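A.B. asks: This is the structure I have questions about; it appears just below.
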Amino acid sequence: MTWKTRLPLLAESVIPLSLCGALMDHVKSETARPRTFQGVIDEALRKSEYVEIPRALEEAVISHCVPYIRDHFQAVPKRIPTQPAVVYRYGPGVGFVAHHDEVTEVERERARTNGQPVVGGDLTLLVWLNTPDSYSGGELFFENPAQEIKPPCGTLVAFPATRDHIHGVRPITRGERITLVIRTDAESLEGRRTAAIAVEGVAAHR
């Protein structure tokens, strides 16, 4: 089994409340922009806004996630320097229809002209920044196997960003759902071990 075939990871209390607070402070200080789906703003499919997150805050979050990702996926998450982490704000409305996180060519093409970030990578890391009583509805759902999640602040959910992991956000009927999304690459532990053995073998023959 590789990281691509593992089920989603759910772990509570991964991100300290102080770091969640720092992320929320940043979000409140920035102007949010409407987020597209497949490069098009359509509130019948997705109703959310986003704010990009500074590198220092992103790296702090990833550092807390590493042990959980390593244990569950047998892989180490690697930050992708060319793309930002984003916080999504979902207010009352449709939420986000069922979709997968694998980047499509349509999305890439439209991003060249619409100014939207293309967020790719091997793994999706999702962190809840506000409490479940802050909003009604807004559950994260997966289709196969069927699962619905509405966890506490500081919870990490991580899953492979592949076409096999269809998911979405249930409609929000009250309040605002605020989550951080980071996409990372995944370096398998087996690959690391193989590389280390190869390096040792080369060194031994010098």
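Values quoted throughout were computed directly from the atomic coordinates according to the rules given, and no laboratory measurement underlies them. Computed from a predicted model, the values in this text were never measured in an experiment. Counting neighbours? That spans all protein chains shown, and the Cβs are built from the backbone with ideal geometry, glycine included.
A.B. asks: Using amide H atoms built 1.01 Å from N in the peptide plane, name the residues 5+ places from Ile41, or on other chains, whose amide H lies under 5 Å from its own.
C.D. replies: Close amide H contacts, sequence-distant or interchain: none at all.
A.B. asks: Name the long-range amide H neighbours of Gln74: under 5 Å, sequence gap of 5 or more, or other chain; modelled H, no Pro or chain starts.
C.D. replies: Hits under the 5 Å cutoff: none.
A.B. asks: Follow-up question, since we're still on this one. Under a straight-distance cross-link criterion of Cα-Cα below 12 Å, which aspartates and glutamates are reachable from Lys150, leaving out those fewer than 8 residues away in the same chain?
C.D. replies: Glu12, Asp133, Glu139
A.B. asks: Another question, if that's okay. What does the charge count near Thr184 come to, summing +1 for each Lys or Arg and -1 for each Asp or Glu among other residues with Cβ under 9 Å from its Cβ?
C.D. replies: On the way: positive: Lys78, Arg79, Arg183; negative: Asp122, Asp185.
Computed value for this residue: +1.
A.B. asks: List the aspartates and glutamates whose alpha-carbon lies under 18 Å from that of Lys4, not counting same-chain residues fewer than 8 positions away?
C.D. replies: Asp71, Asp101, Glu102, Asp122, Glu143, Asp164, Asp185, Glu187, Glu190
A.B. asks: Quick one: Cα centre-to-centre distance for segment 66-109 and segment 134-176, in angstrom?
C.D. replies: Cα centroid of segment 66-109 versus Cα centroid of segment 134-176: 12 Å apart.
A.B. asks: Separate question: What does the net charge come to around Ser134 if you take all other residues with beta carbon closer than 13 Å to its beta carbon, with K and R at +1 and D and E at -1?
C.D. replies: On the way: positive: Arg89, Lys150, Arg174, Arg177; negative: Asp133, Glu176.
For residues surrounding Ser134, the net value is +2.
A.B. asks: Lys and Arg at +1, Asp and Glu at -1: add these up for the other residues within a Cβ distance under 15 Å of Leu10 and post the number. Present the calculation step by step, with values, prior to reporting the outcome.
C.D. replies: On the way: positive: Arg6, Lys150; negative: Glu12, Asp71, Glu139, Glu148.
Charge balance near Leu10 sits at -2.
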